[in-house]
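Participant: This is the structure I have questions about; it appears just below.
Each reported figure results from applying straightforward, stated rules to the coordinates on display, with no laboratory input. None of the values given here were measured: they were computed from a predicted structure. Cβ placement follows ideal geometry from the backbone for every residue including glycine, while neighbour counts extend to all protein chains displayed.
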Amino acid sequence: MTALAPAPAPREVLRSRRSTPTWQLAAALGLAAAGGLHVAAAVDHLSAGQLAVGFFLLTALAQAGLAAWLVLGAWAGTRPGRVPVAGALLGTVALLVLYVLAHTTGLLDAFAVHDAGTAGHEHDVPGRVTTAIDPLTGVEFAQGMPLGAAGPVAMDGLPTSAGGHGPEAVGTAVVAAELLSVAALAALLPASWRGRALNGLLALGGAAWLLWLTGVLG
């Protein structure tokens, strides 16, 4: 005769049922926030080409759909299946890995294709008179003009601010939202799957640290 596994204590089952909607809503919040930020990233990367914009929009659509599914499940009181939760967890981790690769290596530079239509260059117009010499100083424009600015200077000759760039702030917010989603989705996994998922995340983090330490990830 085979021994049956002991049934979980009623208190543990009740505690798990009470915490499940909380983790579902937390995961939905992180996914919804990341989806909205991916839309903002798509708008900011319009000049990067259709491939990058399409990737951001499809990612935002998938994250919004998962967030809606988790919210409906929490409202109905149903526990999400382990396979969809594991798939959402793997997809979110893959997005974090892509973000790290895109910002620390040049592996994804080949996918940043710029459209010629959005580059905004100026064509020569027949009959246009171009002034080559400054009438006040007599200096040719091709030689450059001195500017009395102490800080960084933009292409139009105006000093630029030393503040951070917008997409960096958006990227940081996306990472924070997706980390929240990873933690909540891992908590929604069954106990037997949760341990393996946490071990995999720890191994992935350790590998990233070693790659950064050896200089592979800049």
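Participant: With label points built 7 Å along Cα→Cβ from the Cα atoms of Leu57 and Val100, find their separation and express it in nm.
Facilitator: Reported label-point gap for Leu57 and Val100 is 3.0 nm.
Participant: When you count, for each residue, the other Cβ atoms within 10 Å and take the mean per peptide, how do 59-70, 195-206 rank with the highest first?
Facilitator: 59-70, 195-206
Participant: Treat each spin label as a single point 7 Å out from the Cα along the C-beta direction, and report the Arg79 to Val39 distance in nm.
Facilitator: 3.4 nm
Participant: I need the peptides 168-178, 84-94 ranked by packing, meaning the mean over residues of other C-beta atoms within 10 angstrom, with the highest value on top.
Facilitator: Packing order, densest peptide first, comes out as 84-94, 168-178.
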